[in-house]
1. Restricting the search to region 53-76, which residues are closer than 22 Å to Ile19 by Cα and open to solvent by 60 Å² or more (accessible area, probe 1.4 Å)?
2. So the check is Cβ under 8 Å with 6+ separation or different chains; which pairs have a first residue in region 85-98 that's touching a residue at least 60 places away in the same chain (Cβ under 8 Å) and a second one that's part of a loop (DSSP other than H, G, I, E, B) and open to solvent by less than 70 Å² (accessible area, probe 1.4 Å)?
3. Return yes when Ser7 is in contact with a strand residue (DSSP E or B) (Cβ under 8 Å, 6 or more places away or on another chain) and among the hydroxyl-bearing types (Ser, Thr, Tyr) and no when it is not.
4. Checking Leu79 against (1) over 23 Å from Thr98 (Cβ atoms); (2) open to solvent by 40 Å² or more (accessible area, probe 1.4 Å); (3) touching a residue at least 24 places away in the same chain (Cβ under 8 Å), which single condition isn't satisfied?
5. Applying the selection to region 34-47, what residues are farther than 21 Å from Ala3 by Cβ and under 13 Å from the mean Cα position of the chain (by Cα)?
6. Is it fair to say Asp88 is open to solvent by 40 Å² or more (accessible area, probe 1.4 Å) and under 19 Å from Lys8 (Cα atoms)?
7. How about region 79-94: which of its residues are in contact with a Pro (Cβ under 9 Å, 6 or more places away or on another chain), of a type outside the set (Ser, Thr, Tyr) and closer than 25 Å to Val109 by Cα?
8. Quick one: how many residues across region 64-81 are more than 12 Å from the chain's Cα centre (by Cα) and modelled with pLDDT of 95 or more?
Amino acid sequence: DWATFTSKRLYSTEPTYPIGAVKQHIRSAWSDAVLDRRSVFLAPTRADITAVFPDAESIFRAGCGSIMALPIVDGSDVLGTVNLWHRDGYYDRHKAETAGPFAVAIAPVCR
């Protein structure tokens, strides 16, 4: 929701981030990449996560140390994101480039 800068979680495998929850976003490197540039956001380390996400400690408690967020874009609309979490250092530029087309491919299904 662009007016309130919020989104609703439609799927999650992490119980502390439940389906249906509404997330209040803030302007950050994440929003710059995913929402403004419509490109993959990469936070490969815990330090990168801390620099961007106010809920970093909750993310770490869930076992995450590396995040990749893929925008789901249809035309000029960002329909959502695919947020992938893994251990510290797991995601890198190569994985981001490899995964990016997946989000493009699922956009028509998400519409």
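The values are calculated or read from the model by the stated rules, or taken from the named source; none is laboratory data. Worth saying up front: this structure is predicted, and the values here are computed from it rather than measured. Every residue, glycine as well, gets a Cβ built from its backbone with ideal geometry; the counts of neighbours run over all protein chains shown. The protein model used for the area step is the full one, side chains on, heavy atoms only, and it has no ligands, DNA or RNA in it. Shrake-Rupley method; radii C 1.70, N 1.55, O 1.52, S 1.80 Å.
1. Hits for region 53-76 are Pro54, Glu57, Arg61.
2. Taking only residues 6 or more apart or on different chains, the pairs are Trp85/Glu14; Trp85/Ala62; Trp85/Gly63; Trp85/Cys64.
3. yes
4. Failed condition: (1).
5. Keep residues of region 34-47 that are farther than 21 Å from Ala3 by Cβ, which gives 39-47.
Across region 34-47, the qualifying residues are Ser39, Val40, Phe41, Leu42, Ala43, Pro44.
6. For Asp88, the condition - open to solvent by 40 Å² or more (accessible area, probe 1.4 Å) and under 19 Å from Lys8 (Cα atoms) - is not met.
7. Of everything in region 79-94, those that are in contact with a Pro (Cβ under 9 Å, 6 or more places away or on another chain), of a type outside the set (Ser, Thr, Tyr) and closer than 25 Å to Val109 by Cα turn out to be Leu79, Gly80, Val82.
8. So the answer is 2.
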